[in-house]
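The values are calculated or read from the model by the stated rules, or taken from the named source; none is laboratory data. Quick caveat: nothing in here was measured; it's all calculated off a predicted structure. No Cβ is skipped: glycine too gets one built from the backbone with ideal geometry, and neighbour counts run over all protein chains shown.
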Amino acid sequence: MSPSNRNLFQQLSTLLTEQRNPDTMTIDMAGSLEIVQMINNEDKKVASCVEKRLPVIGEAVEAIAMSIKEGGRLLYFGAGTSGRLGVLDASECPPTFGTDPETVQAFIAGGPEAMYVAQEGAEDSPEEGRREADRISISARDVVVGLAASGRTPYVHGVIEEAKERGAITIFITTVTADQVDIADAVDYMIDVPVGPEVVMGSTRMKSGTAQKMILNMLSTGAMIRLGKVYENVMVDLQLSNKKLEERAKRIVMTLTDCSYERAEEVLEEADGHVKTAMVMILTNTSREEARRRLDKNDGFVRASI
């Protein structure tokens with residue numbers, strides 16, 4: 001065994017995500033119901049682990065909102081399951097919050113093909129991470145989020161190091177403790193959520209994946225709320241890109257303005273499908289132009305505009 005391989009072996013052997021779970025040692029002899037009970041019992045622990053890091057997650061949300069408001073981007077980088085979760089979160093932002101596809105983006109080691117078929121070895125190069133950061137021209141206006149359940153993914157480390165040199169805000173999400181992450185002290189927001197051993201040893205698509213998904217939900221949704229894309233607890237900046245979303249938009253307008261289906265349909269058409277404009281038009285009994293002026297003046301916040 002080469003010295004580098006031995007070092008990696010020793011490093012992996014100490015990670016929490018690579019330990020055996022004492023509560024699932026007999027899962028191979030369990031019936032189907034008992035298997036899912038064991039998985040469910042482990043999943044219940046994840047939210048409590050995330051809860052311990054809410055203060056830093058909240059700080060990260062504010063940093064993301066401020067960056068996007070000033071023209072920056074939210075950029076996710078990961079490998080394997082972590083990378084795929086980043087792609088999932090980023091791809092949902094345009095239809096849910098009406099963001100430009102360039103505003104929230106995700107990149108996975110190995111490129112788009114890695115979303116569907118594992119690209120072996122793609123995550124092992126910090127140089128490739130640096131090249132990725134250079135290719136998309138990361139700048140000081142951006143927020144870069146590194147996702148690595150193990151905390152050690154070289155590709156992600158390369159991206160973070162390059163992003164720091166370019167002045168970007170950096171966030172690192174991992175499911176091991178910060179003291180197991182070499183670049184922990186270098187990032188601006190360290191979100192370490194040690195969820196403990198997986199149900200199946202090393203299968204970080206399970207509890208680790210769940211924890212990362214929960215944190216990503218908080219980061220993107222929290223930032224969008226801070227940017228005025230939610231009124232009360234309803235998304236009001238959605239893009240009407242299909243029939244379902246068109247009908248959802250009508251229901252949102254009806255619910256928040258107490259108008260009829262026909263009225264919602266009529267005003268949405270006049271507002272070019274922009275839900276917030278339609279709402280302000282109805283709630284203030286003003287024209288489309290006046291509604292847009294109010295929204296522009298108030299940074300898109302519906303409450304302030306009415």
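Below, the figures for the structure above:
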| item | result |
| --- | --- |
| Test: residue in the stretch 105-126 that is among the charged types (D, E, K, R), at pLDDT 95 or above and not assigned by TED's automatic domain parsing to the domain that holds Gly273 | no |
| Complete set of residues in the stretch 1-36 that are modelled with pLDDT of 70 or more and surrounded by 13 or more Cβ atoms within 10 Å (Cβ to Cβ) | Leu15, Leu16, Thr17, Glu18, Gln19, Asn21, Asp23, Thr24, Ile27, Ala30, Ile35 |
| Residue among Ala271, Ala304, Ala264, Ala291 that alone is over 26 Å from the mean Cα position of the chain (by Cα), farther than 29 Å from Gly71 by Cβ, surrounded by 12 or more Cβ atoms within 10 Å (Cβ to Cβ) and among the small types (Gly, Ala, Ser) | Ala264 |
| Single condition Val199 does not satisfy, out of (1) farther than 30 Å from Ile27 by Cα; (2) crowded, with 17+ Cβ neighbours inside 10 Å; (3) touching a residue at least 12 places away in the same chain (Cβ under 8 Å) | (1) |
| Output for the stretch 215-248, where each listed residue is in a helix (DSSP H, G or I), among the aliphatic types (A, V, I, L, M) and closer than 17 Å to Thr96 by Cα | Leu216, Met218, Leu219, Ala223, Met224, Ile225, Leu245 |
| Hits in the stretch 189-213 (condition: in a helix (DSSP H, G or I), under 25 Å from Glu161 (Cα atoms) and not polar (S, T, N, Q)) | Gly209, Ala211, Lys213 |
| Pair list, Cβ under 8 Å, 6 or more apart: the stretch 46-59 residue over 11 Å from Met218 (Cβ atoms), other residue of a type in the set (D, E, K, R) | Val46/Lys207 |
| Criterion (surrounded by fewer than 18 Cβ atoms within 10 Å (Cβ to Cβ) and either touching a helix residue (DSSP H, G or I) at 6+ places or on another chain (Cβ under 7 Å) or among the hydroxyl-bearing types (Ser, Thr, Tyr) (or both)) met by exactly one of Thr255, Thr210, Thr221 | Thr255 |
